[in-house]
Amino acid sequence: MRQSITRSPAEIARLRKARLEALERVGERPNLVGSMIGLKYRGGLRRKSVGLTLFVTEKVPEKELSPRHRIPKKIKTTAGTLNTDIVVWRPMVEQGLEQATLMYDGSRQGTLTCFGLRSDNEFGVSCAHCIAGDDRNPATPTIVEMWDAQNRQWLKAGKSLYAVYSPGPGEPGNFGYIDCGFFSLRDDGLVTRARNAKRLRTVKNLYELLDQQLTGRSSLDPEGVNDPSRSARVIGVEMEALDGNCDVVLEVEFPGTFKGDSGMLWLTSAGKAAAIHARGEKTQEGRGSSLVTAMSAARAADYLQVDLAYG
């Protein structure tokens with residue numbers, strides 16, 4: 001089990017400053033489409049050192065690039081030297097399926113992230129794009145249903161109350177990526193579970209997640225009977241790219257994630273809520289995504305003004 005690495009606010013500020021300066025120096029390179037603070041790779045193996053990961057549409061052999069178009073392996077800045085990595089960035093797509101098997105809003109399938117508790121009220125929490133309804137407008141109330149596998153019928157889980165979606169950009173440290181919402185609970189079973197659910201601690205410092213192994217779970221099936229848990233390694237944070245931004249980038253073990261997994265909760269080995277799954281790399285039909293992105297669970301709780309609870 002890998003232990004989290006505590007990074008102080010001063011160290012994080014240094015990394016962010018160095019990143020901005022480094023991007024100013026390499027921003028005109030061909031095919032450059034984004035970046036993140038990520039783990040260093042060498043010879044295809046992941047290292048523990050953290051640096052600047054740069055995304056390109058395709059890798060071009062160094063000998064075919066002019067010296068001014070080559071990205072240096074190290075970039076010196078006033079805030080220190082950053083190691084660089086170059087990664088081919090594949091388009092990310094929301095993993096809300098247009099067929100219903102778990103949780104459904106009439107348009108997209110997702111899953112129940114966890115419960116949201118506020119005063120004496122309980123809610124269901126998921127990605128905004130999973131509860132936006134046919135009109136894709138998060139502000140419109142939408143009936144949310146869930147599939148009862150035992151009795152093979154649809155049950156009314158509740159109605160969407162609040163959702164917010166924005167792929168960015170934003171300010172440093174808050175890259176504008178928001179994809180979360182909550183809905184009322186009409187199902188007696190869900191209400192009971194919400195009231196008995198255990199409040200979750202959340203990971204506030206995303207940089208501490210780097211190189212941690214996370215487990216993906218859904219409160220719709222907490223025992224993993226119909227939807228087994230997934231395992232993933234955090235390889236980057238504060239990602240910015242042309243197809244949208246995100247808080248956490250993960251490398252998922254086989255079989256990966258699929259359409260319908262949007263809303264899955266990523267938990268640390270200590271049981272802290274780390275992130276809410278939203279998007280995965282575009283793959284051929286039937287194949288899982290190994291590279292995925294997610295929203296900070298702590299930021300979601302702040303935006304929704306709820307305590308997250310699981311069970």
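The values are calculated or read from the model by the stated rules, or taken from the named source; none is laboratory data. Being a predicted model, the structure only gives us computed values, none of them experimental. Every residue, glycine as well, gets a Cβ built from its backbone with ideal geometry; the counts of neighbours run over all protein chains shown. For the accessible areas, the whole protein counts, side chains as well, though only heavy atoms, and no ligand, DNA or RNA atoms are used. Shrake-Rupley method; radii C 1.70, N 1.55, O 1.52, S 1.80 Å.
Within the stretch 81-99, identify whether any single residue is more than 25 Å from the chain's Cα centre (by Cα), open to solvent by 20 Å² or more (accessible area, probe 1.4 Å) and over 26 Å from residue 202 (Cα atoms), and answer yes or no. Yes, the conditions are met somewhere in the stretch 81-99. Scanning the stretch 163-185 for residues that are at pLDDT 90 or above and not charged (D, E, K, R) yields 180, 181, 182, 183, 184, 185.
Scanning the stretch 185-223 for residues that are open to solvent by 40 Å² or more (accessible area, probe 1.4 Å) and of a type in the set (Lys, Arg) gives 186, 193, 195, 198, 199, 201, 204.
Residues in the stretch 176-191 that are free of Cβ contacts under 8 Å to residues at least 60 places away in the same chain and outside any helix (DSSP H, G or I): 186, 187. If only residues of the stretch 192-231 that are in a helix (DSSP H, G or I), under 17 Å from the mean Cα position of the chain (by Cα) and not hydroxyl-bearing (Ser, Thr, Tyr) are counted, the one that is nearest to residue 117 (Cα to Cα) is 206. Considering only residues in the stretch 241-285 that are out of contact with any strand residue (DSSP E or B) (no Cβ under 6 Å at 6 or more places or on another chain) and more than 26 Å from residue 223 (Cβ to Cβ), the one that is least open to solvent (accessible area, probe 1.4 Å) turns out to be 284. Within the stretch 138-155, the set of residues being touching a strand residue (DSSP E or B) at 6+ places or on another chain (Cβ under 9 Å) and either among the charged types (D, E, K, R) or open to solvent by 20 Å² or more (accessible area, probe 1.4 Å) (or both) comprises 138, 139, 140, 141, 143, 145, 146, 147, 148, 153, 154, 155.
Looking only at residues of the stretch 106-137 that are of a type in the set (D, E, K, R) and without any contact (Cβ under 8 Å) to a residue 12 or more places away in the chain, we find that the one that is least open to solvent (accessible area, probe 1.4 Å) is 135. Taking residues in the stretch 197-218 that are farther than 12 Å from residue 248 by Cα, and partners anywhere that are in a loop (DSSP other than H, G, I, E, B) and of a type in the set (Lys, Arg), the pairs with Cβ atoms closer than 7 Å and at least 6 places apart or on different chains are 200/272; 201/272; 202/272; 213/2.
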